[in-house]
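So the structure is just underneath, and the comments pick up after that.
The values are calculated or read from the model by the stated rules, or taken from the named source; none is laboratory data. All values derive from a computational prediction rather than experimental measurement. Positions of Cβ are backbone-derived with ideal geometry, glycine not excepted, and every protein chain shown enters the neighbour counts.
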Amino acid sequence: MQSGSSIHEHIGNLNSQRTVEILFNMGISLYKDGNTTEKLEQAFRCFEKVSNALKGNPNLWYYLALTVIKIHAQIKQTVALREQQSDAF
């Protein structure tokens with residue numbers, strides 16, 4: 001701990017570091033369970049919230065990219081299904 005900083009600042013910093021870790025891990029969990037666009041969007045929001053704190057972490061950018069790709073694929077599939085249904089009628 002640096003001189004001049006209080007124990008409360010140190011604890012606050014530890015709490016925010018822990019929050020970042022929890023949000024990042026929650027994002028990974030939501031991504032891996034991402035069988036719905038809603039869960040993938042929640043994962044994206046978790047990664048977005050921690051992006052400032054973890055901007056040097058390649059795993060963040062890796063999972064963020066995978067999430068965006070998966071969301072895009074699901075949206076593309078939904079659009080294709082709707083087009084097929086509208087062509088059927």
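Structure notes:
- Scope the stretch 52-89; condition surrounded by 14 or more Cβ atoms within 10 Å (Cβ to Cβ) and either in contact (Cβ under 8 Å) with a residue 60 or more places away in the chain or of a type in the set (G, A, S) (or both); matching residues: A53
- Each residue in the stretch 31-47 was checked for being of a type outside the set (D, E), part of a loop (DSSP other than H, G, I, E, B) and touching a Lys or Arg at 6+ places or on another chain (Cβ under 8 Å), and 1 pass.
- Where a residue in the stretch 15-26 is farther than 13 Å from S51 by Cα and its partner, wherever it lies, is surrounded by 13 or more Cβ atoms within 10 Å (Cβ to Cβ), with Cβ under 7 Å and at least six apart: M26/C46
- Within the stretch 18-36, the set of residues being modelled with pLDDT under 95 and in contact with a Ser or Thr (Cβ under 8 Å, 6 or more places away or on another chain) comprises G34 only.
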